[in-house]
Amino acid sequence: MRKHFIVGTAGHVDHGKSSLIRALTGIETDRLPEEKARGLSIDLGFAHLALPGDVVAVVVDVPGHERFLKNMLAGVGGYDLGLLVVDAQEGVMPQTREHVEILELLRTPQGLVAISKADLVDAEFLELVSEELRDFLKDTIWAEAPMVPVSSKTGRGLEDLRQKLPRLLGSSTVRDRKARFRLPIDRVFVKPGFGTVVTGSLWSGSLTRGAQMQLWPSGREVRVRGLHVHGQEVEEAVAGQRVAVNLSGVDSDEVKRGMLLATPGWLHPTRRCDVRLHLSSRAPRALRHRSRVRVYHGTTEVFGRALQLEGEELAAGQSGLVQLVLDEDLVMLPGDRLILRDFTSSYTLGGAEVLEPLAQPHRRHDEEALCQLQKKEVGGLHQRLLAELEGAVSLPVAEVEEALRQLQELEQTVWLGKGWAQSASLEEVRENLFGLLAGLQQKAPWKSGWRKEELLKHLSHAQPRFAEECLTYLLEQSQLQLKGRLLALPGHEPQLTRTQQQ
């Protein structure tokens with residue numbers, strides 16, 4: 001079975017990224033007339049490359065000029081491997097630093113360094129540039145990244161790159177084709193005779209022709225009329241591929257870059273999320289409470305505010321728990337990575353990991369809220385499920401069923417019939433309910449029982465829906481008795497006083 005990965009470039013303007021991709025793949029990634037006229041990449045470009053070991057790579061070519069960093073950020077979110085291109089004549093430059101920082105903040109799994117234009121310098125100078133690069137990268141996740149001197153003009157090093165790419169990608173996790181489908185849209189156009197076409201690099205899952213999908217953040221339902229992968233019509237596209245999707249049920253002016261195509265019925269748009277924010281060590285100033293920021297996720301850019309949950313500000317190089325309040329709807333999942341830039345887009349603030357995408361407002365320094373977020377952050381999948389269930393927040397059961405079953409065997413979760421709950425939360429409701437019924441039966445022993453609605457009013461500590469599901473579960477487990485429409489503790493029989501008997 002073929003393995004599909006997403007490889008993308010990074011590096012300063014005019015360092016030869018597009019020329020290198022053209023030499024490797026034979027595909028010209030600069031498609032806009034102004035790009036060809038100026039010899040400068042402005043927007044994202046794409047190619048594909050078949051590699052040894054039955055590996056196929058989508059190649060994303062990003063612009064290197066600082067003015068087009070927004071376009072660069074729309075392409076880097078899904079890299080399996082970052083290909084850093086550095087001019088042998090110039091070495092490390094400002095956008096070299098910023099691009100490496102962004103890929104590091106996004107936790108890009110693998111890195112490979114191409115020292116371009118190696119034919120224009122002698123061996124001694126090339127060695128000096130290599131040492132400068134190694135020193136620059138030593139404190140980053142790229143510290144052990146292989147370096148290959150290359151020349152797009154002479155072909156030097158190209159075969160070495162082709163051999164190193166599959167070896168590096170072979171140690172990466174193959175994207176899950178069975179997961180729910182997510183495709184961040186990076187381009188929209190109209191094809192005569194077909195209608196609206198969207199393109200993107202497929203993050204997860206698979207997509208088949210004729211499938212019903214949802215377009216987010218609007219939630220609009222659309223149908224897949226046709227699929228193309230690398231210019232070829234296909235019946236199915238899988239995670240790690242570059243795909244063009246012909247949609248029906250929507251006009252092209254209703255779709256734009258930044259939207260998300262996904263499997264229906266499981267995502268929810270949000271304007272408030274809790275994150276662990278790592279502020280860049282290069283940030284020129286601290287990030288204060290309620291600072292205006294730009295947030296980048298996938299191909300999306302939205303504005304918002306960063307609310308400090310633990311202190312007044314974050315200094316350069318620090319990390320903290322932050323709630324982002326967004327100006328527009330965004331669709332994300334726990335574990336997704338975000339890039340934050342200052343409101344004027346003049347520098348990168350840092351990177352964030354999404355802990356709770358559907359967050360509720362918190363009071364600052366709320367110990368309980370901070371504790372829950374820390375559990376979601378460090379406890380792995382099992383602890384995250386317990387933290388979610390403690391708040392009775394619904395989860396997509398299909399994706400986590402195995403973990404929930406394991407927790408059930410440990411008597412930490414319980415299936416209520418409509419959803420899962422933390423055993424401790426159910427036990428708390430049970431104890432409160434039994435204590436309530438015992439008190440009611442003592443005060444009014446002549447009653448046969450009490451209506452469900454009356455009991456639920458006294459269980460105000462729990463969310464109403466959760467309390468009702470717990471009550472139904474206890475009844476099914478014969479831990480409550482039902483006579484007519486009245487509930488009571490098992491074995492309860494009405495007892496009349498002598499006066500009442502007379």
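Listed values, structure above:
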read-out: Tensor-based shape of the stretch 25-82 (alpha-carbon gyration tensor, a/c under 1.5 rounded, otherwise prolate or oblate); value: oblate
read-out: Extension reserve of the E124-S171 stretch, reckoned as 0.36 nm per residue once the Cα distance is removed; value: 13.6 nm
read-out: Calculated P(r) tail over 17 Å for the stretch 228-292, as whole % of Cα pairs; value: 68
read-out: All aspartates and glutamates inside 18 Å of K36 as judged from Cα atoms, apart from same-chain residues fewer than 8 positions distant; value: D14, E28, D61
read-out: Spin-label pair L370/A211, simplified geometry with 7 Å Cα→Cβ offset, distance in nm; value: 4.3
read-out: Listed residue pairs exceeding 24 Å between alpha carbons, taken from K3/K178; K70/K117; K17/K153; K256/K376; value: K70/K117; K256/K376
read-out: Three-way shape label, the stretch 1-159, alpha-carbon gyration tensor, a/c 1.5; value: rounded
read-out: Alpha-carbon spread of the chain, three principal axes, descending order, Å; value: 113, 54, 40
read-out: Cα lying deepest toward the dipole's positive end in the stretch 238-304, options P284, T270, A244, charges on Cβ; value: P284
read-out: Mean accessible surface per residue for the chain, computed with a 1.4 Å probe while every protein chain stays in place, in Å²; value: 47
read-out: Taking the stretch 1-147 and dividing mean pair separation by its residue count, relative contact order in percent (alpha carbons under 8 Å, at least six apart); value: 26
read-out: Percent of beta bridges antiparallel (DSSP, the chain, rounded to nearest 5); value: 80
read-out: The stretch 1-136, accessible surface, carbon-and-sulfur percent (1.4 angstrom probe); value: 48
read-out: Reachable lysines from K447, criterion Cα separation under 19 angstrom, eight or more residues apart if same chain; value: K457, K483
read-out: Loop trypsin sites (Lys or Arg not before Pro), the stretch 269-313 (other Cβ atoms within 10 Å of the site Cβ: 16 or fewer; DSSP); value: R282, R285, R290
read-out: Inter-centroid distance (Cα atoms) of the stretch 316-375 relative to the stretch 190-220, Å; value: 29
read-out: The chain, dipole about Cα centre (Lys/Arg Cβ +1, Asp/Glu Cβ -1), debye to the nearest 20; value: 1440
read-out: Cα gyration tensor, the stretch 269-312 - rounded (a/c under 1.5), prolate or oblate; value: oblate
read-out: Relative contact order computed over the chain (Cα-Cα under 8 Å; 6+ residues apart), in percent; value: 10
read-out: P(r) of the stretch 65-169 over all Cα-Cα pairs, binned every 5 Å from zero, in whole percent; value: 2, 12, 23, 23, 22, 14, 4, 0
read-out: Relative contact order of the stretch 33-83, defined on C-alpha pairs under 8 angstrom at six or more residues apart (%); value: 30
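The values are calculated or read from the model by the stated rules, or taken from the named source; none is laboratory data. It should be emphasised that the depicted structure is a prediction, and the values quoted were computed from it without experimental measurement. Every residue, glycine as well, gets a Cβ built from its backbone with ideal geometry; the counts of neighbours run over all protein chains shown. Side chains included, ligands, DNA and RNA excluded: accessible areas come from the protein's heavy atoms. Shrake-Rupley method; radii C 1.70, N 1.55, O 1.52, S 1.80 Å.
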